[in-house]
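Colleague: Here you go, one structure.
The values are calculated or read from the model by the stated rules, or taken from the named source; none is laboratory data. Quantities reported herein were computed from a predicted structural model and do not represent experimental measurements. Backbone-built Cβ (ideal geometry, glycine too); neighbour counts: all protein chains shown. Side chains are part of the model used for accessible areas, which takes the heavy atoms of the whole protein and leaves out ligands, DNA and RNA. Shrake-Rupley method; radii C 1.70, N 1.55, O 1.52, S 1.80 Å.
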Protein chains: 2
Amino acid sequence: MQSKYLPAEERRSLTVEAVVVLSGAQNPSEITTAAIAKHMNVTQGALFRHFPTKDAIWEAVMEWVTNRLLDRIDHAAEGACSPMDGLRAMFMSHIEFVIEYPGVPRMMFGELQRAEAAPATKIARMLIKRYAERLAKKLEEAKAAGEAANDLDTHAAAILFIGMIQGLVMQSLLSGDIKAVRTHAHGVLGIYLRGVKSGASDAETLNARTPRGKIRR
Amino acid sequence: MQSKYLPAEERRSLTVEAVVVLSGAQNPSEITTAAIAKHMNVTQGALFRHFPTKDAIWEAVMEWVTNRLLDRIDHAAEGACSPMDGLRAMFMSHIEFVIEYPGVPRMMFGELQRAEAAPATKIARMLIKRYAERLAKKLEEAKAAGEAANDLDTHAAAILFIGMIQGLVMQSLLSGDIKAVRTHAHGVLGIYLRGVKSGASDAETLNARTPRGKIRR
DNA sequence: CCAATAATAGTAATTGCTTACTATTATCCG
DNA sequence: CGGATAATAGTAAGCAATTACTATTATTGG
């Protein structure tokens, strides 16, 4: 049983943890302060002793996510023996992060599509931006090392990298099993890495016929 | 100006259209019946002449999406001259669909992560399933035609295909410009197709590999 | 053709319920 | 004690849904 009367900082930390856990089981945008409080064995009103508004709770959560996720992928990338291997390590550590905290990608996507940019939304945006920067850097390194195709569109490659995660998460939502992410991660990554890699069929692949007609809107 | 007292079917159709439009500008899960009604120049209660519940509105919307999207990609695939070209055509028509109805991928993702499986959720799931089936079929055809690598993990390739769309949509949420999807679509697709394609470096590509050429810079 | 009538599609107001948030009171511990 | 913290018991607002009623359209029989 959790003791009552914890110091404020610890209570805030437990609040963030509760939100992360609850996001793994239900739509993050539908999590109420009452549900958070109940999960902490505390009354709903008590939360507002530690956070001025509900938005502030989400802000703290997104900050937590930022620190945790970037820490992990940075650490993973450090241990790699080449840029391409670094990408692989970043991806795999991200996958493990998602399995550990399945609510995170869901709250991210939900946060990003909110109409008005709440503080939490800005932090989420910043996280993606910083993530993309790290990816771009690694991809440029891979190019310089001759591991990646020298005509590679690094911006597109970064988008696809993030899309890999998104696609796997969506698949797990369908199967209802978050572990499915791990099952298919290798296959997806393999296709990605081959697409990024330097190889025989470099240029002409990208410029094949593209039905890009103007479409009225 | 829209006239009042429309036949029921037309009013239902207009309701679906309103939801689709509104989803392009705000978080779909936050769209209220009052907002839908306002966009139609009708009172909130009037909606319930044509739909028993709000869930029923979402159900109709998801059915609309299913028919429209599958129709489009089926039609696009028909005009292709090879399986691989079919994949390209499906992707591009999907991209145009997303640009035309930017709310659709957002409502899809939101719907899929709802805790209880509402009727609309089931339709959304079914849509993805049918979509994935079409992709798997095309990918198998590509294999048979020797266009795709014969050791390709078609399931993973289907997940990554859907992830491409998700990644591009997420990117557009960040930039606030849906047209950005079209800008980066070609680059992302190029990487994907190269990853799927049959080529010199088939099998060993999946394993880490030393840079083969000289190191530039 | 054309009133009388039925059926349908709308409005305005209100329902019960849930929500984020707050004012007040009770409790702990140095 | 006294200062910080939690619990209690609210409030006002927003939500989907319902109700009672009105306006429009469709159908029918003489």
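Colleague: Given the options B:Ala60, B:Ala35, B:Ala80, name the one that is within 14 Å of chain A (Cβ to nearest Cβ) and within 16 Å of DNA strand C (Cβ to nearest atom).
Modeller: Exactly one of B:Ala60, B:Ala35, B:Ala80 is within 14 Å of chain A (Cβ to nearest Cβ) and within 16 Å of DNA strand C (Cβ to nearest atom), namely B:Ala35.
Colleague: In addition: What tally of residues in the stretch B:138-165 results from selecting those that are among the aliphatic types (A, V, I, L, M) and either open to solvent by 20 Å² or more (accessible area, probe 1.4 Å) or over 22 Å from A:Gly163 (Cβ atoms) (or both)?
Modeller: Final tally of qualifying residues: 3.
Colleague: Considering only the stretch A:93-120, state which residues are open to solvent by 30 Å² or more (accessible area, probe 1.4 Å), within 12 Å of chain B (Cβ to nearest Cβ) and in contact (Cβ under 8 Å) with a residue 24 or more places away in the chain.
Modeller: A:Pro102
Colleague: Tell me which residues, restricted to the stretch A:152-167, are more than 7 Å from every other protein chain (Cβ to nearest Cβ) and more than 12 Å from the chain's Cα centre (by Cα).
Modeller: A:Leu152, A:Thr154, A:Ala158
Colleague: Testing B:Leu6 on (1) open to solvent by less than 40 Å² (accessible area, probe 1.4 Å); (2) within 10 Å of DNA strand C (Cβ to nearest atom); (3) under 28 Å from the mean Cα position of the chain (by Cα); (4) not charged (D, E, K, R), one condition comes back false. Which one is that?
Modeller: Unmet for B:Leu6, out of (1) open to solvent by less than 40 Å² (accessible area, probe 1.4 Å); (2) within 10 Å of DNA strand C (Cβ to nearest atom); (3) under 28 Å from the mean Cα position of the chain (by Cα); (4) not charged (D, E, K, R): (3).
Colleague: Let me ask something additional. What are the residues in the stretch B:45-65 that are free of Cβ contacts under 8 Å to residues at least 60 places away in the same chain and open to solvent by 60 Å² or more (accessible area, probe 1.4 Å), if any?
Modeller: B:Phe48, B:Arg49, B:Pro52, B:Thr53, B:Lys54, B:Trp64
Colleague: Quick check, is A:Leu47 of a type in the set (A, V, I, L, M), farther than 23 Å from A:Met126 by Cα and away from DNA strand D (no atom under 16 Å from the Cβ)?
Modeller: Details: of a type in the set (A, V, I, L, M): yes; farther than 23 Å from A:Met126 by Cα: yes; away from DNA strand D (no atom under 16 Å from the Cβ): no.
In short, no.
Yes or no, residue by residue, for (1) under 18 Å from A:Met107 (Cβ atoms); (2) out of contact with any Phe, Trp or Tyr (no Cβ under 9 Å at 6 or more places or on another chain); (3) within 16 Å of DNA strand D (Cβ to nearest atom):
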{"site": "A:Pro7", "(1), (2), (3)": "no, yes, yes"}
{"site": "A:Leu22", "(1), (2), (3)": "yes, yes, no"}
{"site": "A:Ala25", "(1), (2), (3)": "yes, yes, no"}
{"site": "A:Ile57", "(1), (2), (3)": "yes, no, yes"}
{"site": "A:Arg72", "(1), (2), (3)": "yes, no, no"}
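Colleague: Here's something else I'd like to know. Please go through the stretch B:168-217 and pick out each residue that is at pLDDT below 95, assigned to a helix (DSSP H, G or I) and within 7 Å of chain A (Cβ to nearest Cβ).
Modeller: Scanning the stretch B:168-217 gives B:Met170, B:Gln171, B:Leu173, B:Leu174, B:Thr205, B:Leu206.
Colleague: Given the conditions (1) assigned to a helix (DSSP H, G or I); (2) at pLDDT 95 or above, report the number of the one that A:Leu152 does not fulfil.
Modeller: Going through (1) assigned to a helix (DSSP H, G or I); (2) at pLDDT 95 or above one by one, A:Leu152 breaks only (1).
Colleague: Give just the number: which of (1) hydrophobic (A, V, I, L, M, F, W, C); (2) open to solvent by less than 70 Å² (accessible area, probe 1.4 Å); (3) within 16 Å of DNA strand C (Cβ to nearest atom); (4) in a helix (DSSP H, G or I) does B:Val42 not satisfy?
Modeller: The failed condition is (4).
Colleague: Every residue in the stretch A:15-34 that is assigned to a helix (DSSP H, G or I), open to solvent by less than 30 Å² (accessible area, probe 1.4 Å) and either out of contact with any Lys or Arg (no Cβ under 7 Å at 6 or more places or on another chain) or free of Cβ contacts under 8 Å to residues at least 24 places away in the same chain (or both), please.
Modeller: First, the residues of the stretch A:15-34 that are assigned to a helix (DSSP H, G or I): A:15-23, A:28-30, A:33-34.
Then keep just the ones that are open to solvent by less than 30 Å² (accessible area, probe 1.4 Å); that gives A:15-16, A:18-20, A:22-23, A:28, A:33.
Hits for the stretch A:15-34 are A:Thr15, A:Val16, A:Ala18, A:Val19, A:Val20, A:Leu22.
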